[in-house]
Each structure stands twice: as structure tokens, then as C-alpha cells.
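J.: This is the structure I have questions about; it appears just below.
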Amino acid sequence: MFKILKKEELSPSVFSMDIEAPRVAKKCLAGQFIILRVDEEGERIPLTIANFDREKGIINIVFQVIGASTMALAAKEAGDSIVDFAGPLGQPSEVKKFDGTVVVVGGGIGVAPTFPIARAMKEAGNKVIAIMGAKTKDILIMEKEMSEVTDEILITTDDGSRGIKGFVTYAVQELVDRGEKIAQITAIGPVIMMKSVADATRDMGIPTVVSLNPIMVDGTGMCGGCRVTVGDETKFACVDGPEFDGHKVDFPELMSRQRMYRDMEAEEKDHICRIGLGRK
Ligand SMILES: Cc1cc2nc3c(=O)[nH]c(=O)nc-3n(C[C@H](O)[C@H](O)[C@H](O)COP(=O)(O)OP(=O)(O)OC[C@H]3O[C@@H](n4cnc5c(N)ncnc54)[C@H](O)[C@@H]3O)c2cc1C
Ligand code: FES
């Protein structure tokens, strides 16, 4: 069992949890993820490692409540435990000293996984700029934490309530227009956002890494659930990724595979909401 040490609501339906997981904390690196199960009947869900403390043996996860499993996780409180917490999984981010500025772009909940990457890039001696996008200012997360590990933050909101009005790609364009020499962009967030960033940077010639979030089941490269096409190759996001060259990812295929289970998931979520007896 893995104990929840701390729980915090960062914005409506977005929670941060500190989990006691010393073995994961000992080995994990920026860009990796875990797969957890809330209880014996629960589904396995992948979540990115948003932060870690090796000495205290703590892993921080940040998640948005969107369906049955994240709802069950959000119902847990500090002091409760969850049954499985496997990791670290996936390949870590490539962290090195770049010849130019490193930019991390986080959209919505995607800001959380960009945090350990920004910190590692900064520790490697890079100038790091974070672009943080949200629909509106009230749901922006982790601004204080991000400001502590970056040289500059650019905020974008869809409604203009904070920072640049519009999408994260507007902030990328602003950096390019002011002559920032960008060596690499790492974009994490909704698939459509990552696709937009990759489309924009392709013409600009800026190397762009995206962190893919296909459906994952076993997380070991055996089931094929997380299959993605990158360039001409078939990759499994759980073992070969989750980070890939954004200019080579087949985003339309990824979006269509993500839609495959939507009806089933909606049914499960409705089932829980209507009866109110908890999970099946
Ligand atoms: C490598 C990786 C890292 C992720 N990191 C985060 C994170 O840090 N924070 C966060 O809030 N979310 C993260 N996600 C997405 C998270 O796994 C899903 O939101 C979660 O599984 C939803 O489960 P549910 O039962 O609550 O919702 P459901 O109603 O079951 O599903 C809603 C949507 O969530 C996605 N999803 C469902 N099951 C899975 C699954 N087994 N694997 C992948 N996606 C699934 C699908 O897009 C689906 O349409 C990550 C996904 C991947 C693959
Ligand atoms: S989750 Fe099964 S192969 Fe990746």
C-alpha cells in the first residue's frame, strides 16, 4: 500500500498529491511517469511524476478529475492509501546543456509535467523559459513553483484574463519575434495543443519534443495499447516514450485512437454519478 501524505486542490477538479513511494523516488527522472491503481477493483491509470524528493521518498502527482479512476483518487484524503504505484516508467527527458534557450510549454494540467523538466534543464545550466497556458486565469496552476526554476514565464489565457490573450503558440511566436534563440521546445498538454505547437515550430525549424498520452494498460510494452506512429516507425509510448519528436508524430492517428474508448468511459462515469454508490 502507498500512503497519501498530502492532498491539495490546485484549482477546481485539479489535485496535487504527495505519495510515499521511496523506491520510485530513488530512481525517477524528469519526464517519467507512474501507473497507479486506487483500489483492488480499480483501473490502472498513468500519471506523470510532477515532482519528487529522493531523500524523503516522496513522489508528487498532479491530476485532473475527468473520469471514474481520477474521481476515485480525488475522493482519497491525506492518510489514506492506494494499492498500486508502479514506476518509474518510460524514458526520461534528454537533459543536457543546449546551445540556446530551452522552452517548456504546458497547457492546462500539462504544466505539471513540464515542471521537473524545466528544473532539470535549469540545473544543467540552460536558460529556461516556461510558457503556461490555461483557459482562464483561475485555473492556472504551479506558477510560483515554475517561477523558482525558470528565467522567465509567459502566461497565455484563452479569454485574456491574464497574460497574452490566445493560445500558447502566440507566446512561442512572441519569443521568436523578439529574437530569442530557442534550442528546443518541450510541449505537454492536450493533444491538439501539442499538435499546434509542433505545426508552428516545424516551419520555424525549432526542435520540438512532445509527451504523448495514449491509452495505456500494462505500461510494459506488451499489450500494444499505447501504440503510436512516429515517422515511419511504430512505437510504444510506455517504453519508447512518452516523449517523441513532435514533428514526426502522427497526431491524427493518436486522436482517433484516444476516441476509441470514449463511449465506454462516459458510461462508467455516468453510472457512478447517478447511483452514488461508488465504483462498480
Ligand atoms: C504517460 C501519461 C501521463 C499522464 N499524466 C497525467 C498527469 O500527470 N495528470 C493527469 O491529470 N492526467 C495524466 N494522464 C492522463 C490520465 O492517465 C487520464 O486522465 C486518466 O487515465 C483518466 O482516467 P479516468 O478513469 O479518470 O477517466 P476515463 O473516463 O476512463 O477516461 C477519460 C480520458 O482519459 C484518458 N485515459 C483513460 N484511461 C487511460 C489510460 N489507461 N491511459 C491513458 N489515458 C487514459 C483518455 O483520453 C480518455 O478519453 C497521463 C496519461 C499518460 C498516457
Ligand atoms: S501500455 Fe501496453 S504496450 Fe504500452
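The values are calculated or read from the model by the stated rules, or taken from the named source; none is laboratory data. Just so it is clear, the model here is predicted, and its values are computed rather than measured. Because the Cβ atoms are built from the backbone with ideal geometry, glycine has one as well, and the counts that use them run over all protein chains shown. Just so you know, the surface numbers come from the protein's heavy atoms only, side chains and all, with ligands and any DNA or RNA stripped out. Shrake-Rupley method; radii C 1.70, N 1.55, O 1.52, S 1.80 Å.
J.: Out of the residues in the stretch 46-59 meeting the condition of being in contact (Cβ under 8 Å) with a residue 60 or more places away in the chain, out of contact with any Cys (no Cβ under 8 Å at 6 or more places or on another chain) and open to solvent by 10 Å² or more (accessible area, probe 1.4 Å), tell me which one is nearest to ligand 2 (Cβ to nearest atom). Can you show your working first?
T.: As a first pass, look at the stretch 46-59 and keep what is in contact (Cβ under 8 Å) with a residue 60 or more places away in the chain: 46, 48-52.
Cutting the leftovers down to out of contact with any Cys (no Cβ under 8 Å at 6 or more places or on another chain) gives us 48, 50-51.
The next check asks that each one be open to solvent by 10 Å² or more (accessible area, probe 1.4 Å); those that pass are 48, 51.
Numbers: THR48: 15, ASN51: 24 Å.
For the stretch 46-59, the residue satisfying everything is THR48.
J.: A further question follows. Take VAL239 and decide whether it is within 16 Å of ligand 2 (Cβ to nearest atom) and within 26 Å of LYS97 (Cα to Cα). Outline the logic, then answer.
T.: Details: within 16 Å of ligand 2 (Cβ to nearest atom): yes; within 26 Å of LYS97 (Cα to Cα): yes.
When the stated conditions are applied, VAL239 passes them.
J.: Looking at the stretch 40-62 only, could you name the residues that are farther than 24 Å from PRO214 by Cβ and over 19 Å from the mean Cα position of the chain (by Cα)?
T.: GLU40, ARG54, GLU55, LYS56, GLY57, listed by residue number.
J.: Which one of ALA86, ALA112 is in contact (Cβ under 8 Å) with a residue 40 or more places away in the chain and surrounded by 23 or more Cβ atoms within 10 Å (Cβ to Cβ)?
T.: Details: ALA86 fails: surrounded by 23 or more Cβ atoms within 10 Å (Cβ to Cβ).
Only one candidate passes the filter, namely ALA112.
J.: Pick from ASP263, ASP240: which is within 13 Å of ligand 1 (Cβ to nearest atom), acidic (Asp, Glu) and at pLDDT 95 or above? Lay out the reasoning, then the answer.
T.: Working: ASP263 fails: at pLDDT 95 or above.
Residue meeting the stated conditions: ASP240.
J.: Take the residues in the stretch 243-260 that are under 19 Å from ARG44 (Cα atoms) and open to solvent by less than 60 Å² (accessible area, probe 1.4 Å), then tell me which one is farthest from ligand 1 (Cβ to nearest atom).
T.: Going residue by residue through the stretch 243-260, those that are under 19 Å from ARG44 (Cα atoms) are 257-260.
Keeping just the survivors that are open to solvent by less than 60 Å² (accessible area, probe 1.4 Å) gives 257-258.
Numbers: ARG257: 9, GLN258: 5 Å.
Here the residue is ARG257.
J.: Please state which one of ALA21, ALA30 is buried (at least 23 other Cβ atoms within 10 Å of the Cβ), at negative phi and away from ligand 1 (no atom under 14 Å from the Cβ). Give the derivation first.
T.: Working: ALA30 fails: away from ligand 1 (no atom under 14 Å from the Cβ).
Exactly one residue qualifies, and that residue is ALA21.
J.: Still on this structure: Are any residues in the stretch 60-79 in a strand (DSSP E or B) and surrounded by fewer than 16 Cβ atoms within 10 Å (Cβ to Cβ), and if so, which ones?
T.: Filtering the stretch 60-79 for residues in a strand (DSSP E or B) gives 60-64, 78.
ALA78 - this is the single residue of the stretch 60-79 that is in a strand (DSSP E or B) and surrounded by fewer than 16 Cβ atoms within 10 Å (Cβ to Cβ).
J.: For the stretch 6-17, how many residues are within 14 Å of ligand 1 (Cβ to nearest atom) and open to solvent by less than 80 Å² (accessible area, probe 1.4 Å)?
T.: 7
J.: Condition first: assigned to a helix (DSSP H, G or I) and among the aromatic types (Phe, Trp, Tyr). Now tell me which residues in the stretch 167-206 satisfy that. Can you show your working first?
T.: Residues of the stretch 167-206 that are assigned to a helix (DSSP H, G or I), as a first pass: 168-177, 191-204.
Within the stretch 167-206, TYR170 is the sole residue that qualifies.
J.: Provide a single number: the residues in the stretch 184-206 that are open to solvent by less than 20 Å² (accessible area, probe 1.4 Å) and either touching a Gly at 6+ places or on another chain (Cβ under 6 Å) or free of Cβ contacts under 8 Å to residues at least 40 places away in the same chain (or both).
T.: Summing the residues that are open to solvent by less than 20 Å² (accessible area, probe 1.4 Å) and either touching a Gly at 6+ places or on another chain (Cβ under 6 Å) or free of Cβ contacts under 8 Å to residues at least 40 places away in the same chain (or both) in the stretch 184-206 gives 4.
J.: Please find, among VAL217, VAL209, the residue that is under 30 Å from ARG37 (Cβ atoms), in contact (Cβ under 8 Å) with a residue 40 or more places away in the chain, in a loop (DSSP other than H, G, I, E, B) and open to solvent by 20 Å² or more (accessible area, probe 1.4 Å). Step through it out loud before you land on a result.
T.: Numbers: VAL209 fails: in a loop (DSSP other than H, G, I, E, B).
None of the others qualify; the one that does is VAL217.
J.: Right, another one. Go through the stretch 242-254 and report how many residues are within 16 Å of ligand 2 (Cβ to nearest atom) and farther than 18 Å from ILE117 by Cα.
T.: 3
J.: Just one of (1) open to solvent by 30 Å² or more (accessible area, probe 1.4 Å); (2) out of contact with any helix residue (DSSP H, G or I) (no Cβ under 8 Å at 6 or more places or on another chain); (3) over 25 Å from CYS28 (Cβ atoms) trips up LYS96, so point out which.
T.: (3)
J.: Shifting gears a bit: For the stretch 220-234, enumerate the residues that are open to solvent by less than 50 Å² (accessible area, probe 1.4 Å), within 10 Å of ligand 2 (Cβ to nearest atom) and not in a loop (DSSP other than H, G, I, E, B). Reasoning before the result, please.
T.: Filtering the stretch 220-234 down to residues open to solvent by less than 50 Å² (accessible area, probe 1.4 Å) leaves 221, 224-226, 228-231.
Applying the additional criterion that residues be within 10 Å of ligand 2 (Cβ to nearest atom) yields 221, 224-226, 228.
VAL228 - this is the single residue of the stretch 220-234 that is open to solvent by less than 50 Å² (accessible area, probe 1.4 Å), within 10 Å of ligand 2 (Cβ to nearest atom) and not in a loop (DSSP other than H, G, I, E, B).
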